[in-house]
Amino acid sequence: MSVQTVPRSFLLNPLLLLLGVGLFLILSRVEQPWFNPDGWPLLAQFLSASLQPDLSAELLMITVDATLVTLAYAVCGTFLSVLLGLVGGLGSSAIWWELVLPGQKGIWLVLRGLLAIPRGIHEIIWGIFFVNLWGLDPLVAVVAIALPFGAITAKVFSEILDETPRQPLLTLIQSGVSPFVAVVYGLLPQAFLNLLSYGFYRFECSLRSAAVLGIIGAGGLGYQILLSLQSLRYNQLWTFFYALLLLNGTVDLLSALLRRRLGCTPRIALPQGKLRSVRPQGPVLLVVSLGLGLLVPFCFWYIHPDVSKLWAPHTGELLAQLGQSAFPPELTMTTLQQLLPLALQTLGMSVLAILVAGVGGVLLSFPAASNFRRFLGMDAPWGWLFLLGVRGVLLLFRTIPAPIWALVFLFVLFPGILPGALALGIHNLGILGRLMAEGIENLDQRPLQALPGASPLVVFSYGVLPATLPGALAYTLYRWEVCMRETVLVGLVGAGGLGRLLSEQLSSFDYRGMTATLSVLILLTFLVDVLSTQVRNQLRYGINTRKSGIIKGGS
Amino acid sequence: MLRLNRSPDRLAKSSEPHLQVQGVTYCYGNTAALTDINLTLYPGERVALIGPSGAGKSTLLKLLNGTLTPTTGTVSVLGVPLADPNPRRRRALQQQIGTVYQQFHLVENLRVIHNVNAGQLGRWPWYQALWSLVWPQGIETARQALARVGLPDKLYSRTDRLSGGEQQRVAIARILVQDPAILLADEPISNLDPARSHEVMTLLTHCGQGKTLIMSLHALEFAQTYCERLVGLREGKIFFDGLVTAITPQQITQLYRLEP
Amino acid sequence: MSQSRRALLGFLLALPVSAQAKPLVIGAIPDQDPELLQRLYGKLARYLETELGVAVVYKPVTDYVAAVTAFRVGDLDLVWFGGLTGVQARLQVPGAQALAQREIDAQFHSLFMGNKKSGLRPFQDLKGLASLKGRTFTFGSESSTSGRLMPQFFLQQAGVNLEDFKGQPGFANSHDTTLRLVEAGSYEAGAMNEQVFLKRSETGAVDYTRIQVLWRSPAYYDYHWVLNPTVQARYGAKFAERVQTAFLQLDLKVPAQKEILGLFGTQRFIRTQNRNYAQIEQVARQIGKIK
């Protein structure tokens, strides 16, 4: 029973200490004043436009095209990141190195370390980097998604591979089969469904990223939303919002359905020990392969990225130029004096954001779980409406890209870390709430049945809460690192922190300064990663979490 | 240690030994699991490895198929040391050793044909091996092997839908296809009921004709029925090694006795 | 892979970058409503096609930085830059040439706008900018010359630093946004491009009951066409002069050309050159927009 996993020294937990420090940092740094009441009229205009989206034929045509572009970026990006993830995941898995080059632990560690670099940099930064090499080509958006997501996928894949039962593989190796073929026969088939399931989840993330990349000009719905928001055409804006909601809602729904059909453990559930070999129900695989077989070529055709740029000599020249203008990073005393307070602000922003996301996520996850009504005896029809309503809110929260949220908050808040933190918090709340709800739906029912006749409230507080909270907490901590990486996003639209500085440096073509800022940002991300892993380990079940791999998400 | 009559003369003179273990010691960390093992197996011998739990039977089998490398001493297969640093040569050698396990170690979510074909993967070039996952290769060989183990109609069944006994027979079919010179079996029947056990043992000894067969067994009566030579292991050392007929009940009792 | 298949693959990959077919790509910094830009540059592209005898396409760009970057990478050949972005682009692409601009661009002005309810009063002298201390304020885009660079420079001269505003200053991404934000009162004051303001005022898109002009800045050089030197290799050494002539020849008497001039808000285009922008570069270095 999972009640025992609640940490004993909960109150003395370093986590709370950390949050306290974070809050202090924020409160001591919020610029006075932070509230701009003069913005209410525009906000009201913005909100009331939600009831009158622009449905003219011309705009609908633009909307359909933008939706397809966003979808295509996500599909192409995911496709490539899964390919990268397979190669990288195998190459960085412990089992591969034990088999092929036993005793070369050094190389393995170096490989794992190398994969951490693309992971630590947000897609949008990759996007900005690739724009400098490939200009305005759709290739930029595709690779900007594929590279960091490929690295994340590689990490998760390597963990899945390492947790897959390996005896069949060893048996093949012992009978003299070459390691490569042995892996394909003995390991991949068993890990396949777990890999596929993770691939679907990655696709959900890619879709959100594709929308965000619109903000640096990759086109698609994100771009149209930003454009209409900034030219204050709110009726058009809401048309795009609804299109994005529809797209994300459909994909999330399909992906959840497929993952359930595949029979894989949801990411937030904490598997005990090894991954089980799963068995799909129905012709899921057929449907999936048919869908992919049509969708992937269509998407590549729709945006036709110019792949020849990948190896064009001009790319090399531009890369060399960029290298020359970006190195060495500008790390003088003055820049450091500028960077340090901004770094603290950014850290504070991430803490505030994850607080909003964590607390809000836990609160909304219960009403968003389909089995919650039973606990409270809410079987009336309005129970369903309530459930749909909460899920709709979560979908809205996670679908609207964080920078767009930031711009909305900037209606009534002055630029600074507060609108940024709120934007990140709201966006991640939508993601966390959904994952936590999935966790609740997959709750082990036995401990609950052991409380027969107890009132729903008792069942909830003694059965449901203790069983779900630890996992939720662990996942929230993991998500903190994602929030840290995303601070750059809201900074780019003027919401404070290092991202704000980066945006200013970007428009000044101050590449040396950017390298310095980025280094600090990556350092902070690693710091947060280490901290969150430490705390999760201290929460005991966190040890499971760290090893489990499936819990690892991404943006 | 008791050392009774060495391997039977009729085989000794017929050919070179298939397997030779010379002065092998194996340690897990600081604990020695096996100490100074010497063992020579000739073609066609059927050897049962017996002894109490923790005596080192599994470790010895793992040393014989190259999963583990001895801490000291050498294991030679067909006269060649198994610890060849060249992976290609080592793999060629390992293809001459087939292993059957207690838990079968099949890839459960592949179809039976692929699990049987796993036996010939070592002989195929990599592209043929990969292509076979899409378009099964070597179907005739696989079908014959399955027919020999009594599962002629299970070629395209999903492996995880088979019973335990059937899965063990698929594992044996895999070995048949691999066609190694030496056949190792690690507790092949400990998960099966007596009737299935007899079936599997008959199959193993049948398939093992002309090959060297060495299996670790808990069930003494099976060892005595199906094998001609018994090797008793106790506390990581060879306690006795001789023909079934030459081992006395007292020796068996001594082998399994609990420490005072 | 067989020889023929490899050849086919190579052909397919090379197709999108086939050199002969590459048209002249024109672009512009997105300082105004993108829909207007699309209309304007569509017409201009057609005019240039007939004048220059090469294919011309317009590629929309999402922000100022992207325009400069695309110019450097070679995605854009001929770009309508602002004062600052033009200097940034020429610093990054040696040999790039400022060719032509509107008459007003040689004498460009920024306007400081105030919301009526803020109580801010128009003033005649640069010193009057000091009255913006303690007010909320928004610039245009970070890289805008008339919406950010020059306003910040004049503010500095009047002794107003960025920290003197109430809250942090905003950065609206276009002049239209600045206008609307100040009009709505989200910010009490803001700085914008005079020419965009006049055009909006002409069409009645300015609500004078809510917004007023506080101050008109001194003149400086702003918008201009910049040509990438790589086009000379593609279309011949005299191409820069031909492009320049095409702009100078735009004539009010020809209806189609009158429309283009109208959309640009000018009577005619005049010659310009790189050294007209020495002042802008100096100010940009002072403010830190050029390192």
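Conditions tested, residue by residue: (1) under 25 Å from A:A66 (Cα atoms); (2) away from chain C (no Cβ under 14 Å); (3) crowded, with 23+ Cβ neighbours inside 10 Å.
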site: A:P165; (1), (2), (3): no, yes, no
site: A:T171; (1), (2), (3): no, yes, yes
site: A:S175; (1), (2), (3): no, yes, yes
site: A:F180; (1), (2), (3): no, yes, no
site: A:Y185; (1), (2), (3): no, yes, yes
site: A:R208; (1), (2), (3): yes, yes, yes
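Do we find a residue being modelled with pLDDT under 80, assigned by TED's automatic domain parsing to the domain that holds A:F157, assigned to a helix (DSSP H, G or I) and closer than 30 Å to B:T159 by Cβ anywhere in the stretch A:289-306?
Applying the first criterion (modelled with pLDDT under 80) to the stretch A:289-306 yields none.
Taking every residue of the stretch A:289-306 in turn, none turns out to be modelled with pLDDT under 80, assigned by TED's automatic domain parsing to the domain that holds A:F157, assigned to a helix (DSSP H, G or I) and closer than 30 Å to B:T159 by Cβ.
Name the residue, out of C:K291, C:K253, that is open to solvent by 70 Å² or more (accessible area, probe 1.4 Å) and out of contact with any helix residue (DSSP H, G or I) (no Cβ under 8 Å at 6 or more places or on another chain).
Numbers: C:K291 fails: out of contact with any helix residue (DSSP H, G or I) (no Cβ under 8 Å at 6 or more places or on another chain).
That would be C:K253, the only listed residue that is open to solvent by 70 Å² or more (accessible area, probe 1.4 Å) and out of contact with any helix residue (DSSP H, G or I) (no Cβ under 8 Å at 6 or more places or on another chain).
Of all residues being within 22 Å of the chain's Cα centre (by Cα) and β-branched (V, I, T) in the stretch B:216-246, which is nearest to B:A55 (Cα to Cα)? Just the residue, please.
Step one: filter the stretch B:216-246 for residues within 22 Å of the chain's Cα centre (by Cα), giving B:216-244.
Imposing the further condition that a residue be β-branched (V, I, T) reduces the set to B:225, B:231, B:238, B:244.
Values: B:T225: 22, B:V231: 12, B:I238: 9, B:V244: 20 Å.
The qualifying residue nearest to B:A55 (Cα to Cα) is B:I238.
Taking helices (runs of 4 or more DSSP H) that fall entirely within the stretch B:183-260, which contain at least 1 residues that are without any contact (Cβ under 8 Å) to a residue 12 or more places away in the chain and of a type in the set (D, E, K, R)? Walk me through how you get there before you give the answer.
Values: elements: B:194-207, B:220-226, B:249-256.
The helices (runs of 4 or more DSSP H) meeting that bar are B:220-226.
Among residues belonging to the stretch A:509-536 that are open to solvent by 10 Å² or more (accessible area, probe 1.4 Å) and among the hydroxyl-bearing types (S, T, Y), point out the one that is farthest from the other protein chains (Cβ to nearest Cβ).
That would be A:T533.
Only one residue in C:G83, C:G119, C:G95 is more than 30 Å from A:F129 (Cβ to Cβ), more than 12 Å from chain A (Cβ to nearest Cβ) and of a type in the set (G, A, S), so which one is that? So that I can check it myself, show each step before the final result.
Numbers: C:G83 fails: more than 30 Å from A:F129 (Cβ to Cβ); C:G95 fails: more than 30 Å from A:F129 (Cβ to Cβ).
Of C:G83, C:G119, C:G95, the one residue that is more than 30 Å from A:F129 (Cβ to Cβ), more than 12 Å from chain A (Cβ to nearest Cβ) and of a type in the set (G, A, S) is C:G119.
Based on this model, can you work out whether C:L36 counts as surrounded by fewer than 19 Cβ atoms within 10 Å (Cβ to Cβ), more than 20 Å from C:F269 (Cα to Cα) and touching a residue at least 12 places away in the same chain (Cβ under 8 Å)?
Values: surrounded by fewer than 19 Cβ atoms within 10 Å (Cβ to Cβ): yes; more than 20 Å from C:F269 (Cα to Cα): no; touching a residue at least 12 places away in the same chain (Cβ under 8 Å): yes.
When the stated conditions are applied, C:L36 does not pass them.
If C:F165 passes every condition in (1) within 10 Å of another protein chain (Cβ to nearest Cβ); (2) more than 22 Å from the chain's Cα centre (by Cα); (3) in contact (Cβ under 8 Å) with a residue 40 or more places away in the chain but one, which one does it miss?
For C:F165, the exception is condition (3).
Can you pull out the residues in the stretch C:186-217 that are open to solvent by less than 10 Å² (accessible area, probe 1.4 Å) and outside any helix (DSSP H, G or I)?
Within the stretch C:186-217, C:S186, C:A189, C:G190, C:A191, C:M192, C:N193, C:I211, C:L214, C:S217 meet the criteria.
Per-residue answers, yes or no, for (1) at pLDDT 85 or above; (2) surrounded by fewer than 16 Cβ atoms within 10 Å (Cβ to Cβ); (3) in contact with a strand residue (DSSP E or B) (Cβ under 8 Å, 6 or more places away or on another chain); (4) of a type in the set (A, V, I, L, M, F, W, C):
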position	(1), (2), (3), (4)
B:S76	yes, no, yes, no
B:V80	yes, yes, no, yes
B:A83	no, yes, yes, yes
B:R88	no, yes, no, no
B:Q95	yes, no, no, no
B:Q102	no, no, yes, no
B:V112	yes, no, yes, yes
B:V116	yes, no, no, yes
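Sort through C:Q152, C:Q156 and tell me the only one that's touching a residue at least 24 places away in the same chain (Cβ under 8 Å), closer than 15 Å to C:L132 by Cβ and either at the interface with chain A (Cβ under 10 Å from one of its Cβ atoms) or out of contact with any helix residue (DSSP H, G or I) (no Cβ under 7 Å at 6 or more places or on another chain) (or both). Walk me through how you get there before you give the answer.
On the way: C:Q152 fails: either at the interface with chain A (Cβ under 10 Å from one of its Cβ atoms) or out of contact with any helix residue (DSSP H, G or I) (no Cβ under 7 Å at 6 or more places or on another chain) (or both).
C:Q156 is the lone residue from the list that is touching a residue at least 24 places away in the same chain (Cβ under 8 Å), closer than 15 Å to C:L132 by Cβ and either at the interface with chain A (Cβ under 10 Å from one of its Cβ atoms) or out of contact with any helix residue (DSSP H, G or I) (no Cβ under 7 Å at 6 or more places or on another chain) (or both).
From (1) open to solvent by 90 Å² or more (accessible area, probe 1.4 Å); (2) closer than 25 Å to B:A145 by Cβ, pick out the condition that doesn't hold for B:F222.
B:F222 satisfies every listed condition except (1).
A:L136: open to solvent by 20 Å² or more (accessible area, probe 1.4 Å) and not in a helix (DSSP H, G or I), yes or no?
Numbers: open to solvent by 20 Å² or more (accessible area, probe 1.4 Å): yes; not in a helix (DSSP H, G or I): yes.
Yes: the conditions hold for A:L136.
What about C:R46, is it within 14 Å of chain A (Cβ to nearest Cβ) and surrounded by fewer than 24 Cβ atoms within 10 Å (Cβ to Cβ)?
Details: within 14 Å of chain A (Cβ to nearest Cβ): no; surrounded by fewer than 24 Cβ atoms within 10 Å (Cβ to Cβ): yes.
Answer is no for this residue.
Might you let me know whether the stretch B:6-16 holds any residue that is open to solvent by less than 30 Å² (accessible area, probe 1.4 Å) and closer than 21 Å to B:D186 by Cα? It would help to see each step written out before you state the result.
To start, the set of residues in the stretch B:6-16 that are open to solvent by less than 30 Å² (accessible area, probe 1.4 Å) comprises B:7-8, B:11.
Subset that is closer than 21 Å to B:D186 by Cα: none.
Taking every residue of the stretch B:6-16 in turn, none turns out to be open to solvent by less than 30 Å² (accessible area, probe 1.4 Å) and closer than 21 Å to B:D186 by Cα.
Does C:S141 qualify as being in contact with a strand residue (DSSP E or B) (Cβ under 8 Å, 6 or more places away or on another chain), of a type in the set (G, A, S), open to solvent by less than 40 Å² (accessible area, probe 1.4 Å) and more than 10 Å from chain A (Cβ to nearest Cβ)? Walk me through it before giving the result.
Numbers: in contact with a strand residue (DSSP E or B) (Cβ under 8 Å, 6 or more places away or on another chain): yes; of a type in the set (G, A, S): yes; open to solvent by less than 40 Å² (accessible area, probe 1.4 Å): yes; more than 10 Å from chain A (Cβ to nearest Cβ): no.
The answer is no for C:S141.
Give just the number: which of (1) open to solvent by 20 Å² or more (accessible area, probe 1.4 Å); (2) closer than 23 Å to A:T517 by Cβ; (3) touching a helix residue (DSSP H, G or I) at 6+ places or on another chain (Cβ under 9 Å) does A:Q104 not satisfy?
The failed condition is (2).
Quick one: C:L181 ticks every box in (1) assigned to a helix (DSSP H, G or I); (2) under 20 Å from C:V25 (Cα atoms) except a single one, so which number is it?
Looking at each condition in turn, C:L181 falls short on (2).
Please identify the pairs in which a residue from the stretch A:460-471 that is under 16 Å from A:A369 (Cα atoms) and among the hydrophobic types (A, V, I, L, M, F, W, C) has its Cβ atom under 6 Å from the Cβ atom of a residue that is in a helix (DSSP H, G or I) and open to solvent by less than 30 Å² (accessible area, probe 1.4 Å), counting only partners at least 6 apart or on another chain.
Going by the 6 Å Cβ cut-off, the qualifying pairs are A:F460/A:F375.
Please work out which residue is farthest from the chain's Cα centre (by Cα), limiting yourself to the stretch A:330-345 and to residues that are surrounded by fewer than 17 Cβ atoms within 10 Å (Cβ to Cβ) and more than 13 Å from chain C (Cβ to nearest Cβ).
Initially, the stretch A:330-345 is screened for residues surrounded by fewer than 17 Cβ atoms within 10 Å (Cβ to Cβ), giving A:331-334, A:336-338, A:340-341.
From what's left, more than 13 Å from chain C (Cβ to nearest Cβ): A:331, A:333, A:336-337, A:340-341.
On the way: A:L331: 31, A:M333: 35, A:L336: 30, A:Q337: 31, A:L340: 27, A:P341: 27 Å.
Ranking the candidates gives A:M333 first.
What's the total number of residues in the stretch A:364-391 that are at pLDDT 85 or above and surrounded by fewer than 14 Cβ atoms within 10 Å (Cβ to Cβ)?
The total comes to 2.
Sort through C:A106, C:A130 and tell me the only one that's open to solvent by 10 Å² or more (accessible area, probe 1.4 Å), over 25 Å from the mean Cα position of the chain (by Cα) and farther than 25 Å from A:Q45 by Cβ.
C:A130
Show the residue pairs meeting these rules: Cβ distance below 6 Å; 6+ apart or different chains; first residue within the stretch A:511-523 and touching a residue at least 24 places away in the same chain (Cβ under 8 Å); second residue of a type in the set (V, I, T).
Hits for this filter: A:A516/A:T335.
Looking at the structure I just gave you, is B:L121 more than 14 Å from chain A (Cβ to nearest Cβ), outside any loop (DSSP other than H, G, I, E, B) and crowded, with 19+ Cβ neighbours inside 10 Å? If you could, list the steps in order and put the result at the bottom.
On the way: more than 14 Å from chain A (Cβ to nearest Cβ): no; outside any loop (DSSP other than H, G, I, E, B): yes; crowded, with 19+ Cβ neighbours inside 10 Å: yes.
No; evaluated as a whole, the condition is false for this residue.
Given the criterion within 11 Å of chain A (Cβ to nearest Cβ) and either open to solvent by 20 Å² or more (accessible area, probe 1.4 Å) or farther than 24 Å from B:V170 by Cα (or both), identify the matching residue among B:T67, B:T72. So that I can check it myself, show each step before the final result.
Working: B:T72 fails: within 11 Å of chain A (Cβ to nearest Cβ).
Result: B:T67 is the single residue among B:T67, B:T72 that is within 11 Å of chain A (Cβ to nearest Cβ) and either open to solvent by 20 Å² or more (accessible area, probe 1.4 Å) or farther than 24 Å from B:V170 by Cα (or both).
The values are calculated or read from the model by the stated rules, or taken from the named source; none is laboratory data. Model, not experiment: these values are computed from the prediction. Reconstructed Cβ throughout: ideal geometry from the backbone, glycine too, with neighbour counts over all protein chains shown. Surface accessibility is based on the protein's heavy atoms, side chains included, excluding ligands, DNA and RNA. Shrake-Rupley method; radii C 1.70, N 1.55, O 1.52, S 1.80 Å.
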